[in-house]
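One structure below.
The values are calculated or read from the model by the stated rules, or taken from the named source; none is laboratory data. Just so it is clear, the model here is predicted, and its values are computed rather than measured. We place every Cβ from the backbone using ideal geometry, glycine too, and count neighbours over all the protein chains shown. The accessibility values were calculated without ligands, DNA or RNA, using every heavy atom of the protein model including side chains. Shrake-Rupley method; radii C 1.70, N 1.55, O 1.52, S 1.80 Å.
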Amino acid sequence: GALDALLESAAGEARSGELRLAEAGLRARIARALESYAELGVAVRLLEESLAVHEAARQPLVLRRAHEPFARITDGRYQRLATPLGRFELSVAAPGGLGKVPSNLSRGTAEQLYLALRLSYIEHLAGAHPALPVLMDDVLVNFDSGRRWTAAGLIADFAATRQVVFFTCHESTAKALRDAAG
């Protein structure tokens, strides 16, 4: 019986040793995996930053010029307009946020974006056709009152160098445009 107990104890110690060895192997694999994860995380972050710098430098002139009016209309809520590399879609992003396509914006914000893009596009083509008038039909109708006043100021600034004809049936929009134009 003592011999059986001794053999059983020795077998338990051997099994315990095997388990400790397996645990040490697993700990080493986990440490390597964590190190690899950290390295890949840094690499991904560097690639994302490099891509953002490259995209910012390669944006069409119309988008670069639309950035400031759009940020102004949205009170700085959206800071970046871009077309991601390899895709033909517009993306807008808040500071430090992920990009959104216009269909994921509220209707008012999407229309603010389109107004900024239209003004930028017309400004970009102004050298070729400076005398053409710009017609707008109630483009501020879905803006809240604060953004309506800001957009009216942008339109008034825009109208300083070209003729703008604005149609509206809303007295608040007409007042905002009159006040902005002085």
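Output the residue which, of all residues in segment 97-113 that are touching a Leu at 6+ places or on another chain (Cβ under 9 Å) and assigned to a loop (DSSP other than H, G, I, E, B), is farthest from Trp149 (Cα to Cα).
Val101
Report, by residue number, each residue of segment 1-40 that is under 30 Å from Leu98 (Cα atoms) and either open to solvent by 100 Å² or more (accessible area, probe 1.4 Å) or among the polar types (S, T, N, Q) (or both). Lay out the reasoning, then the answer.
Restricting attention to segment 1-40, the residues satisfying the condition of being under 30 Å from Leu98 (Cα atoms) are 33-40.
Matches in segment 1-40: Leu34, Glu35, Ser36, Tyr37, Glu39, Leu40.
Would you confirm, using the coordinates I've provided, whether Ala43 is open to solvent by less than 90 Å² (accessible area, probe 1.4 Å) and under 26 Å from Leu154 (Cα atoms)?
Answer is no for this residue.
Just to be sure I understand, how many residues within segment 133-148 are of a type in the set (A, V, I, L, M), surrounded by fewer than 16 Cβ atoms within 10 Å (Cβ to Cβ) and out of contact with any strand residue (DSSP E or B) (no Cβ under 7 Å at 6 or more places or on another chain)?
Here the count works out to 1.
Which numbered condition in (1) open to solvent by less than 70 Å² (accessible area, probe 1.4 Å); (2) among the hydroxyl-bearing types (Ser, Thr, Tyr); (3) out of contact with any helix residue (DSSP H, G or I) (no Cβ under 7 Å at 6 or more places or on another chain) is the only one that Thr74 fails?
Checking Thr74 against (1) open to solvent by less than 70 Å² (accessible area, probe 1.4 Å); (2) among the hydroxyl-bearing types (Ser, Thr, Tyr); (3) out of contact with any helix residue (DSSP H, G or I) (no Cβ under 7 Å at 6 or more places or on another chain), the one that fails is (3).
Kindly evaluate Pro84 against the criterion of being surrounded by 10 or more Cβ atoms within 10 Å (Cβ to Cβ), assigned to a loop (DSSP other than H, G, I, E, B) and touching a helix residue (DSSP H, G or I) at 6+ places or on another chain (Cβ under 9 Å).
Spelling it out, Pro84 is indeed surrounded by 10 or more Cβ atoms within 10 Å (Cβ to Cβ), assigned to a loop (DSSP other than H, G, I, E, B) and touching a helix residue (DSSP H, G or I) at 6+ places or on another chain (Cβ under 9 Å).
When you go through Ala181, Ala93 one by one, which is the residue that is more than 30 Å from Leu51 (Cβ to Cβ) and either more than 22 Å from the chain's Cα centre (by Cα) or not charged (D, E, K, R) (or both)?
Ala181
Does Ala151 satisfy the criteria of being open to solvent by less than 60 Å² (accessible area, probe 1.4 Å) and either within 15 Å of Glu111 (Cβ to Cβ) or part of a loop (DSSP other than H, G, I, E, B) (or both)? If you could, list the steps in order and put the result at the bottom.
Numbers: open to solvent by less than 60 Å² (accessible area, probe 1.4 Å): yes; either within 15 Å of Glu111 (Cβ to Cβ) or part of a loop (DSSP other than H, G, I, E, B) (or both): yes.
Here the answer is yes, as Ala151 does meet what is asked.
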